[in-house]
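The values are calculated or read from the model by the stated rules, or taken from the named source; none is laboratory data. In this text, all values refer to a predicted model and were calculated from it rather than measured experimentally. Every residue, glycine among them, receives a Cβ derived from its backbone with ideal geometry; neighbour counts consider all protein chains shown.
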Amino acid sequence: MLYDLHELNRSLMNPFVGWSGAAAQLLTAKENWLSHFPGVQRLAAGYELTYRLGKDYEKPPFAIRSVIAHGHETPISERVSIAKPFCNLIRFKRFSDDVANLDAMKNDPVVLVVAPLSGHHSTLLRDTVKSLLQDHKVYLTDWVDARMVPLDQGDFDLDDYVAYIQEFIRHIGAERLHVISVCQPTVPVMAAISLMASNGEKTPLTMTMMGGPIDPRRCPTKVNDLATTQPMSWFENNVIHTVPANYPGAGRKVYPGFLQHAGFVAMNPSRHMTSHWDFYESLRRGDLEDAESHRKFYNEYNAVLDMPAPFYLDTISTIFKQHLLPRGLWDVSGQRVKPADIRATALLTIEGELDDISGRGQTEAAHELCSGIPASRKQNLLIKDAGHYGIFSGRRWREKIYPQLRDFIASHASPVVATKGRKADSRRRKKA
């Protein structure tokens, strides 16, 4: 019912929102003589603010046209390597007419970036991907808005998430792959690689875990507190709703994107109010550069997707309530997840000192769980003064974190012989 009311309200408001946007453009057009009258700039700023507060935000494009790779301007194209009902595996293909540059790129490490399925689209990792493309071949999980997936495609839960990651790893080839998981997927990625190791499969050369809830019991945040203080029935009754008839996924149970967005804003409402007021003032003053920065940020931030209800509820129960992974009690499709079985994969964890989503120590907990990996092949980075988004996006990511991640991947580019027992530190590298 709430989803239907939201859609009704959106339909009723659309004409006014559209008119506000058109009025803002009209009043700021240089060709319009009205734009030169006193007070018109203020009026136009109010119209645009109204438009942006009320408009729908579609998934923005990655828009990565080119990068500098090996000193050359290198064009980029997006290709779907695997299309699944709830996720597309995207390859960011690099091209070059320079033979030497092409040969150099062919020898670059292969990276799979596992984006979070936690409200925002995978385009939130645009900066992450763009940096990685300078020195790597890059694949990315691009999650599909659940309201766009017809019911006949079945449900999607946490076990399915793990299975997707395993399929993508096998498709690319674990023997040449480095996996990077950002936030929420650190847990299912560890499960996927653990199960592959337990079954005697080849595992990726490295796994990098960035700001994820491996053990949410450590330094719990407001996100963790909500999950632990409310019963499962509260989540089922308050945040799970049915997709209305005007979408392909009509009838599917989801955690709607508009509710998730409301939760994001509620975590820091004063910050968002100040940001919108500053945007209005920038428009009023004619400060177009600051105004455009605001638009770019909120075009991404306000674009949200619906999450499948089974996946969301599994995540709350398994990760945040029962803490099954750090307790060693998690079964995926009937098989126990044993991170200690991972031996041939190097581990890097990255945390932000000021992360208010995954608290300090939650990601570092992976080192204790992955006891089969020798200490010489583990590394933890605690980034001073960095918040959650700062560890994978922005200047701090590009200038401080990415160079260390790049060097970690490069230093573990060769496969090792996985040995059993406590003498894992004596592993030998395979001869090339």
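Would you mind finding the one in A44, A63 that is surrounded by 14 or more Cβ atoms within 10 Å (Cβ to Cβ), among the small types (G, A, S) and at pLDDT 85 or above?
A44
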Condition set hydrophobic (A, V, I, L, M, F, W, C) and modelled with pLDDT of 90 or more, scope the stretch 278-309, selection farthest from V243 (Cα to Cα): answer is V304
Taking the options V179, V189, name whichever one is touching a strand residue (DSSP E or B) at 6+ places or on another chain (Cβ under 6 Å) and in a strand (DSSP E or B).
V179
Return yes or no: is A291 among the hydrophobic types (A, V, I, L, M, F, W, C), touching an Asp or Glu at 6+ places or on another chain (Cβ under 9 Å) and part of a helix (DSSP H, G or I)?
yes
H261: passes all of (1) surrounded by 13 or more Cβ atoms within 10 Å (Cβ to Cβ); (2) at pLDDT 85 or above; (3) in a helix (DSSP H, G or I) but (2)
When both residues are 6+ apart or on different chains and their Cβ atoms are under 6 Å apart, which pairs have a first residue that lies in the stretch 1-30 and is at negative phi, and a second that is among the aliphatic types (A, V, I, L, M) and in a helix (DSSP H, G or I)?
A24/A44; L27/V40; L27/A44; T28/A44
Somewhere in the stretch 380-396, is a residue touching an Asp or Glu at 6+ places or on another chain (Cβ under 6 Å), in a helix (DSSP H, G or I) and of a type in the set (A, V, I, L, M)?
no
Answer yes or no as to whether R52 is touching a residue at least 40 places away in the same chain (Cβ under 8 Å), under 30 Å from V129 (Cα atoms) and outside the structural domain of P109 (by TED's automatic domain parsing).
yes
